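> A single structure is presented below for examination.
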Ligand code: IFM
């Protein structure tokens, strides 16, 4: 066995999102979001599950914060529900909603836990979708207003403000493949959504700088590690195309101040990108204190010759519509196992690769792993415990991979496990469990899985035993 030591300054945390855990969907003046509509639409989620009750965190948050403190975590990443604090998505703010997050933030600070707040983890107010959703520029302007309201209310008590979680999912799964809310399948709209999410990030980032100058600013991206099936030039080009759509569509404007030329060229048959106005890209490139990286699995592609059978194994849910706008000539190949319960491959070295790429492309940019974790079919043993060895193994290997990248110079400052609790896994409902703490959805009882005990040891000692 070898042991690797992390410095005391390294931040260990856990992450959740509002719609996945809060419940209380119709309480205290909360409005409706696109996920309320989507999950209540027959056929959209496994078993017709919704976030109406979820893990009932809205009522149980003090106990949940006690768990975080008992785990010895230094930070907690949660998201603010836009329709709870600003029902309808414009104008009036809901005092009861803001109070909830104010109590949550104070509760964290009282327990010595750093609050890391995500402004947008996919719950767009339904009224804004009815007015056009993310493909409409106006939504980014509404987001700026929302950001001003929450930063004014919670201000410097929040240590890190994260503007968006995984805009890749919001844009492509929401508007191209339709496996996420609002379930639209309009490729050109998905690219407009990409831009308006980026714009929303820039506008909200400016708000944070103005209203909470001592807070840190970040964004969280689910960056893809894309590999080619062979060394052929055609497969290399397939990798380049997917990298552009998945990664550089966001990293480009956010960190380089412009969209990559190859992305615009590849997607020219779908859109002319005329929704990008002069000055937008500069605005989007607000300097970040930290770039949040979510990583779960890697992606294998090949150029499609137009007639052989396609695999389309991109692991993002069954849909006749691809999330990969304008890349119909790219095929996604199944990956060797083992896989998690999501069907995602387990590839820790790809995390090292991703972090080293970011170090190379963006030297000096501090990084955090803002999500990493695994769903497995947990079993409650006769002794009442959940011996989730596969999850521990997954976490150990990925944290080791992150340590490898740090040893080679990647400036990774923290790690947040996904997730603190079992929760509503979007289209998969309650059928997939990512928590290190089990939730019994009948009783709402919380039980630490073995992985929670394992993670507590790591977080309190900084020692990774491999
Ligand atoms: O549950 C999600 C989370 O909301 C965003 N990142 C991926 C997780 C697992 O699918």
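What follows is calculated from the coordinates using simple rules that are stated; it is not laboratory data. These figures come from a predicted structure and were not determined experimentally. All Cβ positions, glycine included, derive from the backbone under ideal geometry; neighbour counts span all protein chains shown.
> Relative to the compact-globule scaling 2.2 N^0.38 Å, provide the ratio for the alpha-carbon radius of gyration of the stretch 396-463.
In units of the 2.2 N^0.38 Å rule of thumb, it is 1.35.
> Okay, next question. Between residue 466 and residue 63, what is 0.36 nm times their sequence separation minus the Cα-Cα distance? Round to one decimal in nm. Intermediate results must be reported in sequence, preceding the final value.
Details: separation 403, 0.36 × 403 = 145.08 nm, distance 3.17 nm.
Net length gain for the segment: 141.9 nm.
> Shifting gears a bit: Can you sort 379, 293 by how many other beta carbons sit within 10 Å, fewest first? Walk me through the intermediate numbers first.
Values: 379 9, 293 22.
The most exposed by this proxy come first: 379, 293.
> What percent does the relative contact order of the stretch 28-123 come to when contacts are Cα pairs within less than 8 Å and at least six residues apart?
Numbers: 115 pairs, mean separation 35.3, N = 96.
Answer for the stretch 28-123 is 37 percent.
> Quickly rank 440-448, 332-340, 31-39 as a protection proxy: mean count of other C-beta atoms within 10 Å, highest first.
Details: 440-448: 13.3, 332-340: 14.9, 31-39: 23.3.
Answer by packing, highest mean first, reads 31-39, 332-340, 440-448.
> For the stretch 362-438, max minus min Cα coordinate along each principal axis, in Å, sorted largest first?
On the principal axes, the stretch 362-438 reaches 48, 27, 14 Å in Cα extent.
> Mark the label point 7 Å from the Cα of residue 186 along Cα→Cβ and return the residues of the stretch 115-158 whose backbone N is within less than 12 Å of it.
Of the residues in the stretch 115-158, 129-137 have backbone N under 12 Å from the label point off residue 186.
> Shifting gears a bit: How many percent of Cα pairs in the stretch 290-370 exceed 17 Å?
58
> Let me test this: with uniform point scatterers at the alpha carbons of the stretch 153-241, what is the Debye-based log₁₀ I(q)/I(0) at q = 0.15 1/Å?
The calculated log intensity ratios at q = 0.15 Å⁻¹ are -0.73.
> Considering only DSSP beta bridges whose two residues both sit in the chain, what percent are antiparallel, to the nearest 5?
25
> Hey, another quick one. Using Cβ counts within 10 Å as a stand-in for footprinting exposure, how do 118, 45 rank, fewest first? Walk me through the numbers on the way to the answer.
Working: 118 26, 45 23.
Lowest count first: 45, 118.
> Can you give the translational diffusion coefficient of the stretch 1-85 in µm²/s, computed by Stokes-Einstein from the Kirkwood radius over Cα pairs at 4 °C and 1.567 mPa s?
Values: Rh = 15.0 Å.
The Stokes-Einstein estimate is 86 µm²/s.
> Hey, another quick one. How large is the Kirkwood hydrodynamic radius of the stretch 116-178, counting all unique pairs of alpha carbons, in Å?
Over the stretch 116-178, the inverse of the mean reciprocal pair distance is 12.6 Å.
> Give me the Å³ per residue figure for the convex hull around the C-alpha atoms of the stretch 312-447.
Value for the stretch 312-447: 143 Å³ per residue.
> Further, regarding this structure: In nanometres, what is the gap between the two model label sites at residue 274 and residue 210, each 7 Å from Cα along Cα-to-Cβ?
3.0
> To the nearest µm²/s, what D does Stokes-Einstein give for the stretch 67-175 at 4 °C and 1.567 mPa s, using the Kirkwood radius over alpha carbon pairs as Rh?
Details: Rh = 14.6 Å.
Calculated translational D: 89 µm²/s.
> Another one. Report the gain in length on full extension from residue 431 to residue 4: 0.36 nm times residue separation, minus Cα-Cα distance, nm rounded to one decimal. Let's see the in-between values first.
On the way: separation 427, 0.36 × 427 = 153.72 nm, distance 3.48 nm.
That works out to 150.2 nm of additional length.
> Let me ask another. What translational diffusion coefficient, to the nearest whole µm²/s, does the chain have by Stokes-Einstein, given a Kirkwood radius computed over alpha-carbon pairs, a temperature of 20 °C and 1.002 mPa s viscosity?
My calculation gives 96 µm²/s for D.
> How are the alpha carbon pair distances in the stretch 256-322 distributed across 5 Å bins from zero to the largest one, expressed in percent?
3, 10, 13, 15, 18, 19, 13, 6, 2, 0
> Multiplying the sequence separation of residue 41 and residue 103 by 0.36 nm and subtracting their Cα-Cα distance, what value in nm do you get?
Numbers: separation 62, 0.36 × 62 = 22.32 nm, distance 3.28 nm.
Stretched fully, the residue 41-residue 103 segment lengthens by 19.0 nm.
> Per the helix-only calculation at 222 nm, which mean residue ellipticity applies to the chain, given -39500 (n - 2.57) for every DSSP H run of n ≥ 4 and division by its residues, nearest 500 deg cm²/dmol?
For the chain, the value works out to -10500 deg cm²/dmol.
> For a quick check: sort 90, 177, 322 by the number of other beta carbons within 10 angstrom, fewest at the front.
On the way: 90 15, 177 25, 322 19.
Ordered from fewest to most neighbouring Cβ atoms within 10 Å, 90, 177, 322 come out as 90, 322, 177.
> Hey, another quick one. Could you pull the Rg and Dmax for the stretch 57-130, using just the Cα atoms, both in Å?
Looking at the stretch 57-130, its Cα Rg and Dmax stand at 13.6, 43 Å.
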